[in-house]
Amino acid sequence: MANIITYSAQNYAEALFEAGHDFQADLNTVMDVIKTSADFMNIISNPSIDLNVKYSILDEIFKGKIDDKVLQFIKILTEKHRLGEFEEIRDSYIERVNDFNNIKLVEITSAIELNDDFKTKITNKLSEKLNKTIVPEWKIDSGIISGLVFKIGDDIIDTSLLNKIESIGKNIR
């Protein structure tokens, strides 16, 4: 979820959220098609192709495979020339659903692989502090030397040794 989410993407995501809270798998299915088929996006975004032809293509690809509300939503995005923003819209929708369900995605980076007990303790402590259910994404970066780096939305909490060394270096200058 490294995308910058635009205001229009947030508005479309909010509209979809109002229609339902369980479309994440369907949105991922659509995203897979967008990412794996350049031809799909070329056809759907081509202004010289009739909108009804585009709708037929969308029906052919997605009808019966995704919820009808999501299919209608994709058709609206196509009509409004917004399918190019689909990834942002999907990410904003997922954030909205997570907020609704009191879930927070947290990227946690350590210098070494942590054992499961330690991961559970960290996750539980974060959950307690944030008063949310934490869904951690664990990463390893030996460059931080030791400690942990937490990325919670746009916020970064850096307790790594590398950060402390860099901070000392700035203060010495």
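Nothing in this text is a laboratory measurement; each read-out follows from the coordinates by a stated rule. What you see is a predicted model, and the numbers here were worked out from it, not measured in a lab. Here Cβ is always computed from backbone atoms with ideal geometry, including for glycine, and neighbour counts include all displayed protein chains.
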Given Cβ point charges of +1 (Lys, Arg) and -1 (Asp, Glu) and nothing else, what value in debye, to the nearest 20, does the dipole of the chain about its Cα centre take? 520 debye
Given the candidates Phe73, Pro47, Ala25, the one whose Cα lies deepest towards the positive end of the charge dipole of segment 13-140, counting +1 at each Lys or Arg C-beta and -1 at each Asp or Glu C-beta, is Ala25
Note: Ile157 to Asn98 extended length (0.36 nm per residue) minus current alpha-carbon separation gives 19.1 nm
Here the relative contact order (percent) of the chain, from C-alpha pairs under 8 Å and at least 6 apart, is 22 percent
Extension gain from Ala19 to Leu51, taking 0.36 nm per residue of separation minus the Cα-Cα distance: 9.2 nm
Tell me what the chain gives for mean residue ellipticity at 222 nm when only DSSP H runs of n ≥ 4 count, each as -39,500 (n - 2.57), the sum divided by the residue total, rounded to 500 deg cm²/dmol. -18000 deg cm²/dmol
Separation between the Thr133 and Glu107 pseudo-spin-labels, each 7 Å from Cα along Cα→Cβ, expressed in nm? 2.3 nm
What nm value, rounded to one decimal, do you get for the distance between Glu79 and Phe118 when each label is placed 7 Å out toward the C-beta? 5.5 nm
Label points 7 Å out from Cα along the Cβ direction at Ile4 and Ile145: separation in nm? 3.3 nm
So for segment 7-98, Kirkwood radius off the Cα pairs, Stokes-Einstein at 37 °C and 0.692 mPa s: how many µm² s⁻¹? 250 µm²/s
If you count, for each residue, the other Cβ atoms within 10 Å and average over each peptide, how do 47-54, 10-17, 162-169, 107-114 line up from highest to lowest? 10-17, 107-114, 162-169, 47-54
Spatial separation of Cα centroids for segment 85-107 and segment 15-43, in angstrom: 14 Å
